[in-house]
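**Student:** First the structure, which I've put down as structure tokens, then a few questions once you've had a look.
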Amino acid sequence: MPGSATTIESIVVKDKIPAELVVGAMWFTDGQPPPPYNPIPPVGTVTVENVGLAIGCGKGKTRSVTEITWAIDQLGLGNYVLHFYVHTKGNPAGKKPGFTSPGDYLINYGATMTYYYMGTKYTIGPTPEEWITVVGVDD
């Protein structure tokens, strides 16, 4: 890939979340403070798909995951941020929705990014895992 000093190319950002979460609304901003940031037109393509099981999801557990992939052919200088809301899936009758029982839950497995700059491939990540703690009413 030839590349130039002001562009990065073939950018792919991947992140995984538990399959019990649904990706809702998505939007793009320039990431410049102060919030709520400046909206920008969509950049690249975003796909959301169930990719099966993630091994070693904390405490020796295995669970189904959803992968979010953001692919961009080429970017110039600037900040580009993909935002999205997630919520729990509806469950069949008689089953509790996810993340409602007290305990620790892994909600983000760490994002990675690969890209080319001046013809050289780079990889960043994974970012740290993110956990939440659900407390009981009496906690």
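The values are calculated or read from the model by the stated rules, or taken from the named source; none is laboratory data. What you are looking at is a predicted structure, and each value in this text was computed from that prediction instead of being measured. Quick reminder, even Gly has a Cβ in these numbers, built from the backbone with ideal geometry, and neighbours come from all protein chains shown.
One line per residue, one yes/no per condition, for (1) hydrophobic (A, V, I, L, M, F, W, C); (2) at pLDDT below 85; (3) on the phi > 0 side of the Ramachandran plot:
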residue: 46; (1), (2), (3): yes, no, no
residue: 49; (1), (2), (3): no, no, no
residue: 62; (1), (2), (3): no, yes, no
residue: 83; (1), (2), (3): no, no, no
residue: 96; (1), (2), (3): no, yes, no
residue: 108; (1), (2), (3): no, no, no
residue: 117; (1), (2), (3): no, no, no
residue: 128; (1), (2), (3): no, no, no
residue: 133; (1), (2), (3): no, no, no
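**Student:** Given the structure, is residue 112 surrounded by 15 or more Cβ atoms within 10 Å (Cβ to Cβ) and at pLDDT 90 or above?
**Tutor:** yes
**Student:** Checking the structure you have, find out if any residue of the stretch 19-28 is in a loop (DSSP other than H, G, I, E, B) and either of a type in the set (A, V, I, L, M) or at pLDDT below 85 (or both).
**Tutor:** Yes: one or more hits.
**Student:** May I pose another question? Which of (1) modelled with pLDDT of 80 or more; (2) over 13 Å from the mean Cα position of the chain (by Cα) is the odd one out, the single condition residue 70 does not satisfy?
**Tutor:** Unmet for residue 70, out of (1) modelled with pLDDT of 80 or more; (2) over 13 Å from the mean Cα position of the chain (by Cα): (2).
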